[in-house]
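For reference, the structure discussed in these notes is given below.
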Amino acid sequence: MSTEDPQAAGLAALAGLIADRTRAACLLALLDGRAWTAGELARHAGVAPSTLSEHLHRLVAGGLLAEERQGRHRYVRLAGPRVAQLVEDLAAQVSPAQARRPPRGLREASAGAAMARGRTCYDHLAGRLGITVTDALTERGLLRQDTGFALTDAGLEWFGAAGIPLDLSGRRPLARACLDWTERRPHLAGAAGAALCRRALEAGWCVRVGSGRAVRITATGEQVMSDLLGIPLGALR
């Protein structure tokens, strides 16, 4: 008689939560790091609110989403950075052939191009924007990638000089590699990646495009990245 491995059972249950097209669409949408209402997610996933409600209940019960209520409104968000890392890592394993299909019209084609150009991956920068910034940090000796991602002493000083405070007291890794699902290369995540993204949005170096995850660099941001990291003007567009 075999004894069931509780870890195997837990892994199977977790995989079952994600192995649904509607729930997967919700998890990917919530990688923008913001809280969404059930109605917003239902429209995004193309299902009825009553159908979406059951899916959200399962994701919350499974620990992948956190629920917040404000008055009559119900909001959900990813339960934390570890969930975001799991979703992004799984998305990166989807082959380009599986992910590729002809866009349904100009609007969808434009949205896809914007996402590939620059986006938020939960709370850090991704796409070509995130990769270019990561490469610039590495080339200037501020970030090491040879034995896993790690900020150098010069990198710690750079963040301070750039006015980007780092939280060194938390349990979250300061720097972590996150495999970019469009570029197929790692970009900077962790507390440092989150701090850089937060500063970029707050200072107007980047702005969100529409209501999704896409972001674009501003003229101010281009100049700042040129001054701070030597990234040529126009390279982040």
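The values are calculated or read from the model by the stated rules, or taken from the named source; none is laboratory data. From a predicted model like this one, the values you see are computed outputs, not experimental measurements. Please note: Cβ atoms are built from the backbone with ideal geometry, for glycine as well, and neighbour counts cover all protein chains shown. Ligands, DNA and RNA are excluded from the accessible area calculation, which covers all protein heavy atoms including side chains. Shrake-Rupley method; radii C 1.70, N 1.55, O 1.52, S 1.80 Å.
Worth a mention:
- Where a residue in segment 66-93 is without any contact (Cβ under 8 Å) to a residue 12 or more places away in the chain and its partner, wherever it lies, is surrounded by fewer than 18 Cβ atoms within 10 Å (Cβ to Cβ), with Cβ under 8 Å and at least six apart: GLU67/VAL60; GLU67/ARG74; GLU67/TYR75; ARG69/TYR75
- Counting only residues that are free of Cβ contacts under 8 Å to residues at least 60 places away in the same chain and either part of a loop (DSSP other than H, G, I, E, B) or within 16 Å of ILE217 (Cβ to Cβ) (or both), segment 184-200 holds 2 of them.
- Within segment 119-148, being touching a Cys at 6+ places or on another chain (Cβ under 7 Å) and either open to solvent by 40 Å² or more (accessible area, probe 1.4 Å) or part of a loop (DSSP other than H, G, I, E, B) (or both) holds for one residue alone: ASP123.
- Number of the exception - ARG185 against (1) open to solvent by 10 Å² or more (accessible area, probe 1.4 Å); (2) modelled with pLDDT of 95 or more: (2)
- Of all residues making up segment 3-39, the number that are among the charged types (D, E, K, R), surrounded by 12 or more Cβ atoms within 10 Å (Cβ to Cβ) and modelled with pLDDT of 90 or more: 2
- Selection from segment 149-175 of residues that are outside any loop (DSSP other than H, G, I, E, B), within 18 Å of ALA200 (Cβ to Cβ) and aliphatic (A, V, I, L, M): LEU151, ALA161
- Looking across LEU52, LEU59, one residue alone is at pLDDT 90 or above and either on the phi > 0 side of the Ramachandran plot or within 19 Å of the chain's Cα centre (by Cα) (or both). It is LEU59.
- Checked against (1) open to solvent by 80 Å² or more (accessible area, probe 1.4 Å); (2) part of a strand (DSSP E or B); (3) at pLDDT 90 or above, ARG69 meets all criteria but (3).
- With respect to (1) in contact with a helix residue (DSSP H, G or I) (Cβ under 8 Å, 6 or more places away or on another chain); (2) part of a helix (DSSP H, G or I); (3) open to solvent by 30 Å² or more (accessible area, probe 1.4 Å), the lone exception for SER226 is condition (1).
- Test for ARG184: is it among the charged types (D, E, K, R) and within 16 Å of the chain's Cα centre (by Cα): yes
- Exactly one residue among LEU179, LEU236 is open to solvent by 20 Å² or more (accessible area, probe 1.4 Å) and modelled with pLDDT under 95, and that residue is LEU179.
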